[in-house]
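These notes concern the structure reproduced below.
Derivation of every value follows stated rules applied to the coordinates shown; laboratory data play no part. What you see is a predicted model; the values in this text were computed from it and never measured. Positions of Cβ are generated from backbone atoms using ideal geometry, with glycine treated the same way; all protein chains shown enter the neighbour counts.
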Amino acid sequence: MSRRAELAANLAALDRRLAAACALAGRDRAAVTLVAVSKTWPATDVATLAGLGVRDFGENRDQEAAPKTAAVAELLGGRAVRWHFVGQLQTNKCRSVARYADVVHSVDRQRLLPALSAAAARAGRTVDILIQVRLDDDPARGGVSPADLPRLADAAAHAEHLRLRGVMAVAPLDGDPAAAFADLAAAAERLRRTHPDADWISAGMTGDLEPAIAAGSTHVRVGTALFGGRPPVVG
Ligand SMILES: *Cc1c(COP(=O)(O)O)cnc(C)c1O
């Protein structure tokens, strides 16, 4: 099977899965955006999926994303895809990330805000941001605690070249993803009381997109189900 046929088959199967999950949750399929997480996969795969109608792509490491996004732009001749940065972000990477990222899902500390806002200004754009919320007690995995979300959200809302759109989370490694996503949905609802436009919820990956959609996810970030298994990696 050609790589194109393989990606098309994976996309069709994923579309059926998303449609079924939305139907079960009583939600409109159009309310859930698929973000195809292309980390470790080549620019040609992204171009192929763009040709099949996928519009949103995610990357988690700037080192890989910066050249790949440029290569994709060249392959597509300027036809637009939207890039989502979903990995842990360092202040010294903000300037590079703001050149290609339409959305940053992983804002989790105040120090990133001036760096990312200045980088967005320099890139001549407004960057949509989500605040990453931590759903377990392991600070190493990134994210702000639900208790600290309001303060960071208020600061984010004041960053001139950023637009606060909502929250993002990764389910804990163990435990019930449905319970974790319910906590995220509750945090998102509290956030909307003070920031009504911040109504995106980025949650759900290959292994847990059904419970994420049931809990109200608006953006699922899917790698493996679309591209196949990643080789064991990388620093
Ligand atoms: C890799 C990654 C995904 C996609 O994970 P899969 O299990 O391959 O679907 C989603 N979100 C983040 C933050 C990731 O790093």
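Summary of values
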{"item": "From the options R163, R122, residue that is in contact with a helix residue (DSSP H, G or I) (Cβ under 8 Å, 6 or more places away or on another chain), farther than 18 Å from V220 by Cβ, more than 16 Å from the ligand (Cβ to nearest atom) and in contact (Cβ under 8 Å) with a residue 12 or more places away in the chain", "result": "R122"}
{"item": "Per-region count, region 195-212, residues within 14 Å of the ligand (Cβ to nearest atom) and of a type outside the set (G, A, S)", "result": "7"}
{"item": "Count of region 200-235 residues which are under 15 Å from A169 (Cβ atoms), assigned to a loop (DSSP other than H, G, I, E, B) and of a type in the set (D, E, K, R)", "result": "1"}
{"item": "Tabulated pairs, region 41-65, first closer than 21 Å to R95 by Cα, second in a helix (DSSP H, G or I), C-beta under 7 angstrom, 6+ apart or interchain", "result": "F57/V46; E59/A65; E59/K68; D62/K93; D62/S96; D62/V97; A65/Y100"}
{"item": "Strands (runs of 3 or more DSSP E) contained in region 1-97 and holding at least 3 residues β-branched (V, I, T)", "result": "33-37"}
